[in-house]
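*Asks:* Before we start, here is the structure in question, set down as structure tokens.
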Amino acid sequence: MNYNHTSVLLKESIDGLNIKKDGIYVDATLGGGGHTCEILKRAIDGKVIGIDQDDYAIDRARERLKEFDNFTAVNSNFKNIDKVLNELNIDKIDGIIFDLGVSSFQLDIPERGFSYNNDMPLDMRMDKSQTTTARHIVNGYDEEELTRILKDYGEENWAARIAKFIVQEREIEFIETTGQLVSIIKKAIPKQVRQEGSHPAKRTFQAIRIEVNKELEILETTIKSAVDRLKHKGRICVITFHSLEDRIIKNTYVNLNKDCICPPEFPQCICDHRRKLKIITKKPIVASDEELNENRRARSAKLRIGERV
Ligand SMILES: C[S@@+](CC[C@H](N)C(=O)[O-])C[C@H]1O[C@@H](n2cnc3c(N)ncnc32)[C@H](O)[C@@H]1O
């Protein structure tokens, strides 16, 4: 089967990078290679480094982009951005893009265990070499921890009740599959209060996926490291897909845009923090009606662009 990923906010993000013909660019979330391909078409005398923690994405992107000899794919977590660039003997870069979250093919390959539409082993790892899977979290976290992640990462109003039902059910038998988890969630959320048009398991699956892949914990430090690597006037583009991610990006940009981040009650500055980033998008860019008609995944996408000062 041929799985494809339609790139989101493609033109807006690539335009946002202000690509120079001979620039060095990083796509920190290579995925299907859609954004990288557009960067390569513009940076014809430059270099593009694509990073992904999923080896399947790396293999596919290498195949798709084999005609470009100025492209390097690196199988790593983007939190290792400094190590990746050091190993390639690259000091400063002209731009970096993050298109966060999962790719369509991760969701569409049932065996990856990301989707609530199939009955498959609970997995959800982007990096298949890591040991923690969704199965460990669902069967191993205590009720309080489960409630916290469903609340914090899924913004699920029924977090406590879903966590309680998970703990009750797993005392009877181990929860091994996405299908088992979906039926527990359906039991926990009364039918009459379920949101129309939204699958009852959507928020829980999002929360567990974020926890499995530690998606939010590394964001702020990675964005800061990436900005430190930008040349003067180099650009950073970040596309997010839910409010938690977007809030982290927004706040990180705001802090990087400040000269001092001391608490207001401090009589004088002791932080030595210096402004590094100019915020180009005062409000995030969202998908056009045209894109929304063609790609449902673009509905929640937000693009924030910054420029190194
Ligand atoms: C939305 S897709 C990117 C799609 C790509 N921009 C395109 O147009 O084809 C996100 C990709 O980022 C990868 N990813 C997510 N978090 C990552 C991380 N912390 N480090 C490296 N790759 C990550 C995922 O494995 C996935 O392949």
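The values are calculated or read from the model by the stated rules, or taken from the named source; none is laboratory data. The structure presented is a predicted model; accordingly, all values stated were derived computationally and were not measured. FYI the Cβ positions are ideal-geometry reconstructions off the backbone, even for glycines, and counts take in every protein chain you see. Remember, those area values only see protein heavy atoms, side chains included, never the ligands or the DNA or RNA. Shrake-Rupley method; radii C 1.70, N 1.55, O 1.52, S 1.80 Å.
*Asks:* Working only within the stretch 88-110, note down all residues that are touching a strand residue (DSSP E or B) at 6+ places or on another chain (Cβ under 8 Å) and more than 15 Å from the ligand (Cβ to nearest atom). Don't jump to the end; show me each part of the working.
*Replies:* Filtering the stretch 88-110 for residues touching a strand residue (DSSP E or B) at 6+ places or on another chain (Cβ under 8 Å) gives 88, 90, 92-101.
Once the filter is applied, which keeps residues that are touching a strand residue (DSSP E or B) at 6+ places or on another chain (Cβ under 8 Å) and more than 15 Å from the ligand (Cβ to nearest atom), the stretch 88-110 yields LEU88, ILE90, LYS92, ILE93, ASP94.
*Asks:* For ASP82, state whether it is within 16 Å of the ligand (Cβ to nearest atom), open to solvent by less than 40 Å² (accessible area, probe 1.4 Å) and farther than 14 Å from ARG209 by Cα. Break it down into steps so the answer makes sense when it comes.
*Replies:* On the way: within 16 Å of the ligand (Cβ to nearest atom): yes; open to solvent by less than 40 Å² (accessible area, probe 1.4 Å): no; farther than 14 Å from ARG209 by Cα: yes.
Answer is no for this residue.
*Asks:* Something else now. Here is a check on your reading of the model: is THR221 in contact with a helix residue (DSSP H, G or I) (Cβ under 9 Å, 6 or more places away or on another chain), buried (at least 20 other Cβ atoms within 10 Å of the Cβ) and in contact (Cβ under 8 Å) with a residue 40 or more places away in the chain? Show your work before the answer.
*Replies:* Details: in contact with a helix residue (DSSP H, G or I) (Cβ under 9 Å, 6 or more places away or on another chain): yes; buried (at least 20 other Cβ atoms within 10 Å of the Cβ): no; in contact (Cβ under 8 Å) with a residue 40 or more places away in the chain: yes.
It is false that THR221 is in contact with a helix residue (DSSP H, G or I) (Cβ under 9 Å, 6 or more places away or on another chain), buried (at least 20 other Cβ atoms within 10 Å of the Cβ) and in contact (Cβ under 8 Å) with a residue 40 or more places away in the chain.
*Asks:* Would you mind finding the one in VAL8, VAL74 that is free of Cβ contacts under 8 Å to residues at least 60 places away in the same chain, open to solvent by less than 60 Å² (accessible area, probe 1.4 Å) and not in a helix (DSSP H, G or I)?
*Replies:* Working: VAL8 fails: free of Cβ contacts under 8 Å to residues at least 60 places away in the same chain.
Among VAL8, VAL74, only VAL74 is free of Cβ contacts under 8 Å to residues at least 60 places away in the same chain, open to solvent by less than 60 Å² (accessible area, probe 1.4 Å) and not in a helix (DSSP H, G or I).
*Asks:* What number of residues in the stretch 129-161 are among the polar types (S, T, N, Q) and open to solvent by less than 80 Å² (accessible area, probe 1.4 Å)?
*Replies:* First pass over the stretch 129-161, keeping only residues among the polar types (S, T, N, Q): 129-133, 139, 147, 157.
Subset that is open to solvent by less than 80 Å² (accessible area, probe 1.4 Å): 130, 132-133, 139, 147.
Here the count works out to 5.
*Asks:* Still on this structure: Regarding the stretch 56-63, can at least one residue be identified that is aliphatic (A, V, I, L, M) and closer than 21 Å to GLU215 by Cα?
*Replies:* Taking the stretch 56-63 first, the residues aliphatic (A, V, I, L, M) are 57-58, 61.
Checking which are closer than 21 Å to GLU215 by Cα leaves us with 57-58.
Yes, because at least one residue in the stretch 56-63 is aliphatic (A, V, I, L, M) and closer than 21 Å to GLU215 by Cα.
*Asks:* Here's something else I'd like to know. For the stretch 196-309, please list each of the strands (runs of 3 or more DSSP E) lying entirely inside it that holds at least 3 residues being of a type outside the set (Lys, Arg) and more than 14 Å from the ligand (Cβ to nearest atom).
*Replies:* 230-240, 302-308
*Asks:* Let me ask another. Which one of the conditions (1) near the ligand (Cβ under 9 Å from one of its atoms); (2) open to solvent by less than 40 Å² (accessible area, probe 1.4 Å); (3) in a loop (DSSP other than H, G, I, E, B) does ILE19 fail to meet, given that it meets all the rest?
*Replies:* The one condition ILE19 does not meet is (1).
So that you can scan it fast, the table gives a plain yes or no per residue for (1) out of contact with any helix residue (DSSP H, G or I) (no Cβ under 7 Å at 6 or more places or on another chain); (2) within 9 Å of the ligand (Cβ to nearest atom); (3) part of a loop (DSSP other than H, G, I, E, B):
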{"position": "LEU40", "(1), (2), (3)": "yes, no, no"}
{"position": "ASP45", "(1), (2), (3)": "yes, no, yes"}
{"position": "TYR56", "(1), (2), (3)": "yes, yes, no"}
{"position": "LYS66", "(1), (2), (3)": "yes, no, yes"}
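*Asks:* Could you say which residue among ILE208, ILE236, ILE184 is surrounded by 14 or more Cβ atoms within 10 Å (Cβ to Cβ) and more than 18 Å from LYS164 (Cα to Cα)? Don't jump to the end; show me each part of the working.
*Replies:* Numbers: ILE208 fails: more than 18 Å from LYS164 (Cα to Cα); ILE184 fails: more than 18 Å from LYS164 (Cα to Cα).
Answer to the selection: ILE236.
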